[in-house]
Amino acid sequence: MAMGNTPILILREGTKRDRGKDAQFNNIQAARAIADAVRSTLGPRGMDKMLVDSMGDVTITNDGVTILKEIDVDHPAAKMLVEVAKTQDEQCGDGTTTAVVLAGELLKKSVDLVDANVHPTIITNGYRLAAIKALEVMDSVAMDVGPNDRETLVKIAQTAMMSKQVVGSKELMGDIAVDAVRRVAEKVNNKYVVDMDNIQVVKKTGGSMDDTSLIEGIIVDKEPVHPAMPRRIEKAKIALLDAALEIKKTETDAKIEITDPMQMQAFLDEEEKYLRKMVETVKASGANAVFCQKGIDDLVQHFLAKEKIYAARRVKKSDMEKLAKATGAQLITKIDELNADDLGKAALLEVKKIQDEEMTFVTGCKNPKALSILIRAGTQHVVDEIERSLDDAMSVVSVTIEEGRMLTGGGSTAVELAMRLREYSATVGGREQIAIDAFASAMEVIPTALAENAGLDPIDILIDLRKAHKTGKTYYGLNVYSGKVEDMLKLNVLEPMCVGRQAIMSATDAAVMILRIDDVIASKGGPGMGGMGGGMPGAGEDD
C-alpha cells in the first residue's frame, strides 16, 4: 500500500524546530542581544546598570560578569556568552565586557558572510586562523613588566578602575591593590604565584571611600568573650584552637546518680578543676590571646579574663587559616598539646569599634603573607561596587606579576591586531581570507564602542586610529577624555596581556560554537520557547 503524502512524525507534538539559516540567525541574534546589553558599560565613559532581582535586591554596577550573572538569561545561545564572561573573570578578573562585546561582533560579521552563502565551516576555520595569528601579534607588541616595578603595576591597577565608580579615589585604590598583591605574592620554582584567598576583604558602611585602608594583618569580626578581657595587647602571642574550651558531652547517653550533696559538690569541683587545667595549659604556653573555632565555657571565660588573656570564640575557619598564615601560629586540635612553639606572634592585637560592631585587629605580624582590606563608603551599594573594583584591580595586578607581560589599552592593541590581520589575510588566500578580514573588522569594535560611549564619532576615530597605526604608532589608542588619538603608553593606560589573550580565545570559541549550530530542536516548554527562537531543554543551564 502506497504511503502517499502522510507526514511521518519523529518528534513529540509541540516540539519546535529551527533549521539551517533560521537556526543560525536566531542564535546569533540572541547572542548579540547579550553583547549589546553590556556594550554601553565599556570604557571609562561607560554607563552603569541597575539590576533588580526577583527578591527586589538592587545591584548597581558596570562590571560585565556581574551584570550577566544577575540577569536571568533564558536563550541557550545567549547563555554561551554568559559563560564567556565567567571564564574571562575566573582567568583574568577583568575584560569581561570586552570579551562579550568581541564575541557579539564576531557573530554580527558572520551574518553577512552566511547571507553571502559562505559556509559556516569556512567562517569558523578563518576565525580560528585569525585568532592564532592575533595571539602571535599580541605577543610581539606586548612589553615585559617585573614584580618589583611598582609604578607600572599601579598604572595597570588604575587602568582597571577607570571605568568604575571608584575612579575618584583611583590613586589610593591602586596603591592598596598593588601593595596587597605584592605582599601575598610568593616565589615558587622561579615563578611568582599569587593566592588571592590570602587577601581578606572586610566591608563596612559609614565613612567615605577614602577611608578604605590596607591593614597589614587580619581583621577578625569578633569581640572578646568577656568584658574584663584586655582590649589592646602589645607583643601578642596568639594561640589558635580548633577545640572547644568546655566540658565535652559524652557520645552516648550517660547518667550520673548522685545520692549525697557532697558528691554533687565534688562533681562540680572536678568540672571546675578540668576547666581550670585548660586555662593553665593556655597560660603555661605563654599565650596572651586565644582564637577558638568552637565554644568557650563561661567559667573558662572568667579564668581567662582573670589571667588577662584575650579570647574570641566561634571564629570562622577561613579567618583561622589566615591568622595561622599571618602570625605563624599552628592550628591546635588538642589543648593538652599546646606549647610555646605553636604560638603565633603579632606586634599588636587591638579591639576597635567600627560603626556599631567591635572587631579585632591583629597587626604587625611576622609573616604578612595574609592581610586585610577594610572597605568603607557611604552606602552598601557603593561598598559592594568598591569591592568588585578592587577585586578587578587586584586580579589584573596578580596576573601581571604571574605572567610578566602587559599591553596598552584604549583600543590601541585591537587596532594594531586588525591592521596586521588584514595584511595576513592577503597571504592566506582561499575563502578563509574573507573570514579573517571579518575577524579583523570585529576587533575594531573595541575602539568603536569606547568612542560611542564617550559621545564621539566612531568612524572619524577609527580613521584616525588606522592612520596612526599605518605609520607605525603601535601604542596609539583613543583618549576618551580629550576625544583624540594619543599614545597610550605615555598616558599610562596599561593592562595585562592575559586580559586581551583570554578575551580573543573565549570570544572565538563562543562564536565558532554558535556558528556551527544549524538545527535547534526545542522540546515543548523548553527554555527559550518564547521570544528568541527555541532552545534545547537544559542546554547550557547555569551551574
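The values are calculated or read from the model by the stated rules, or taken from the named source; none is laboratory data. All figures in this text were calculated on a predicted structure; none of them were measured in a lab. Using ideal geometry, Cβ is built from the backbone for each residue, glycine included, and neighbour counts are taken over all protein chains shown.
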Self-check item: Any hit, segment 49-60, residues being assigned to a helix (DSSP H, G or I) and in contact with a helix residue (DSSP H, G or I) (Cβ under 9 Å, 6 or more places away or on another chain)
Solution: no
Quiz item: Here is a list of conditions, (1) over 15 Å from residue 286 (Cβ atoms); (2) modelled with pLDDT of 80 or more; (3) touching a Gly at 6+ places or on another chain (Cβ under 9 Å), and residue 333 meets all of them except one; can you say which number that is?
Solution: (3)
Exercise. Considering only segment 58-72, state which residues are touching a residue at least 60 places away in the same chain (Cβ under 8 Å) and either hydrophobic (A, V, I, L, M, F, W, C) or within 16 Å of residue 163 (Cα to Cα) (or both).
Key: 58, 60, 61, 62, 63, 66
Quiz item: So, of the residues in segment 335-371 that are in contact (Cβ under 8 Å) with a residue 60 or more places away in the chain, over 25 Å from residue 300 (Cα atoms) and polar (S, T, N, Q), which turns out to be surrounded by the fewest Cβ atoms within 10 Å (Cβ to Cβ)?
Solution: 355
Exercise. Could you please let me know if residue 256 is β-branched (Val, Ile, Thr) and crowded, with 18+ Cβ neighbours inside 10 Å?
Key: no
Quiz item: Among the residues of segment 118-138, is there at least one that is among the small types (Gly, Ala, Ser), surrounded by fewer than 19 Cβ atoms within 10 Å (Cβ to Cβ) and not assigned by TED's automatic domain parsing to the domain that holds residue 170?
Solution: no
Quiz item: Scanning for something surrounded by fewer than 24 Cβ atoms within 10 Å (Cβ to Cβ), under 22 Å from residue 45 (Cβ atoms) and without any contact (Cβ under 8 Å) to a residue 40 or more places away in the chain, does segment 421-434 turn up at least one residue?
Solution: no
Quiz item: Among all residue pairs at least 6 apart or on different chains, which show Cβ distances below 7 Å where the first residue, located in segment 108-133, is over 21 Å from residue 500 (Cβ atoms) and modelled with pLDDT under 90 and the second is basic (Lys, Arg) and in a helix (DSSP H, G or I)?
Solution: 114/21
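List the strands (runs of 3 or more DSSP E) that sit entirely inside segment 162-254 and contain at least 2 residues that are of a type in the set (Val, Ile, Thr) and in contact (Cβ under 8 Å) with a residue 60 or more places away in the chain. Step through it out loud before you land on a result.
Numbers: elements: 185-188, 191-194, 199-205, 213-215, 217-220, 232-241.
Per the criteria, 191-194, 199-205, 217-220, 232-241.
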